[in-house]
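K.L.:
To start, I am sharing the structure in question, which I have written as structure tokens.
The values are calculated or read from the model by the stated rules, or taken from the named source; none is laboratory data. Computed from a predicted structure; not experimentally measured. Here the Cβ positions follow ideal geometry from the backbone for every residue, glycine too, while neighbour counts run over all protein chains shown.
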């Protein structure tokens, strides 16, 4: 006699609703899948966007959570890369075509056919268990505790990928706009990569923290004197904020051949000055999470250099309170939800 298997999750049953306990019957374990017992979830603002269906891609009931760490409890018959008991993490990408040129380079984040998001049409990590492809599960290095590792699976890889791509030599001058969940990790990674780092923020009271994270310099975004002093000096400027940015001010900071990279998603349209774009050979680029190649590299790099996010932990049962705190911009700098 067989019994129905259920997972217990925290789900939003309708658009915008608070999360509540909910049970669902998982799909059968595929031949290339693993099942994990979830221990930690990083809380990303994207989970809130998905709850509210801000991007019109959410399906309900929605079980969010895409910075997931847990221990392997079951493996499909074709899985050889992992074993029961391994500590692994899942990030934003659940699957991709595997055969295009981007995927073959380990850049599944720009899969030609489009990747599958962990919580787009699927249930994610805000649950006691999770099933997904072993190919997109990442072993957590021994040098990283699970609470610190969880935010690296989205926030960490989101800033690591452009830094890894555009820092060409030691001493590259990197600027980071926004000292938040993404920005504080960008400072840490850039410093460890040998860059000279300047933090740009509208909050002067964050200067001490920014320098503790590894920034060599701090610049008040609202001080025209400080912005002028830093003009034409930045080789790579990363915008890690979701609010509108003064594009002309940002562009004025770039050196010749400088790159302005957006990892935050402001709602406004870009208004880029054309003449400096052309005559100073500046560039505007975007970057979205990262593929398997950089994800594995990033976790090892973080373990070696002990790059860990500043976190506060809360119980998964406090998930609605945690979401409210993130929405109010009161999290410093990432909240990690622990399973009970």
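K.L.:
Of all residues in region 235-251 being out of contact with any helix residue (DSSP H, G or I) (no Cβ under 7 Å at 6 or more places or on another chain) and assigned to a helix (DSSP H, G or I), which is surrounded by the most Cβ atoms within 10 Å (Cβ to Cβ)?
P.N.:
Result: 250.
K.L.:
Does residue 260 count as within 23 Å of residue 171 (Cβ to Cβ), in contact (Cβ under 8 Å) with a residue 12 or more places away in the chain, assigned to a strand (DSSP E or B) and in contact with a helix residue (DSSP H, G or I) (Cβ under 7 Å, 6 or more places away or on another chain)?
P.N.:
Considered against the rule, which asks whether it is within 23 Å of residue 171 (Cβ to Cβ), in contact (Cβ under 8 Å) with a residue 12 or more places away in the chain, assigned to a strand (DSSP E or B) and in contact with a helix residue (DSSP H, G or I) (Cβ under 7 Å, 6 or more places away or on another chain), residue 260 comes out as yes.
K.L.:
Now, a different point. If you check 198, 202, which single one turns out to be in the same structural domain as residue 171 (by TED's automatic domain parsing) and either at positive phi or surrounded by fewer than 16 Cβ atoms within 10 Å (Cβ to Cβ) (or both)?
P.N.:
202 is the lone residue from the list that is in the same structural domain as residue 171 (by TED's automatic domain parsing) and either at positive phi or surrounded by fewer than 16 Cβ atoms within 10 Å (Cβ to Cβ) (or both).
K.L.:
Same structure again: Using the structure shown, decide if residue 257 is at pLDDT below 95 and either at positive phi or out of contact with any strand residue (DSSP E or B) (no Cβ under 9 Å at 6 or more places or on another chain) (or both).
P.N.:
Considered against the rule, which asks whether it is at pLDDT below 95 and either at positive phi or out of contact with any strand residue (DSSP E or B) (no Cβ under 9 Å at 6 or more places or on another chain) (or both), residue 257 comes out as no.
K.L.:
Do we find a residue being part of a loop (DSSP other than H, G, I, E, B), at pLDDT 95 or above and touching a helix residue (DSSP H, G or I) at 6+ places or on another chain (Cβ under 6 Å) anywhere in region 10-24? Walk me through it before giving the result.
P.N.:
At the first step, the residues of region 10-24 found to be part of a loop (DSSP other than H, G, I, E, B) are 13-19.
Filter once more, keeping what is at pLDDT 95 or above: 13-19.
Checking which are touching a helix residue (DSSP H, G or I) at 6+ places or on another chain (Cβ under 6 Å) leaves us with 18-19.
Scanning region 10-24 turns up at least one residue that is part of a loop (DSSP other than H, G, I, E, B), at pLDDT 95 or above and touching a helix residue (DSSP H, G or I) at 6+ places or on another chain (Cβ under 6 Å).
K.L.:
Something else now. So if I check each of 40, 45, which one is in contact (Cβ under 8 Å) with a residue 60 or more places away in the chain and crowded, with 22+ Cβ neighbours inside 10 Å? Outline the logic, then answer.
P.N.:
Values: 45 fails: crowded, with 22+ Cβ neighbours inside 10 Å.
Among 40, 45, only 40 is in contact (Cβ under 8 Å) with a residue 60 or more places away in the chain and crowded, with 22+ Cβ neighbours inside 10 Å.
K.L.:
Kindly state which helices (runs of 4 or more DSSP H) lie completely within region 272-327 and contain at least 1 residues that are over 15 Å from residue 260 (Cα atoms) and in the same structural domain as residue 38 (by TED's automatic domain parsing). Walk me through how you get there before you give the answer.
P.N.:
Working: elements: 274-279, 292-305, 319-327.
Those helices (runs of 4 or more DSSP H) span 319-327.
K.L.:
How about region 25-49: which of its residues are touching a strand residue (DSSP E or B) at 6+ places or on another chain (Cβ under 6 Å) and not in a loop (DSSP other than H, G, I, E, B)?
P.N.:
Scanning region 25-49 gives 33, 34, 35, 36, 37, 38, 39, 40, 41, 42, 43.
K.L.:
Another question about this same structure. Residue 303 - would you say it is modelled with pLDDT under 95 and either in contact with a helix residue (DSSP H, G or I) (Cβ under 8 Å, 6 or more places away or on another chain) or crowded, with 18+ Cβ neighbours inside 10 Å (or both)?
P.N.:
Numbers: modelled with pLDDT under 95: no; either in contact with a helix residue (DSSP H, G or I) (Cβ under 8 Å, 6 or more places away or on another chain) or crowded, with 18+ Cβ neighbours inside 10 Å (or both): yes.
Here the answer is no, as residue 303 does not meet what is asked.
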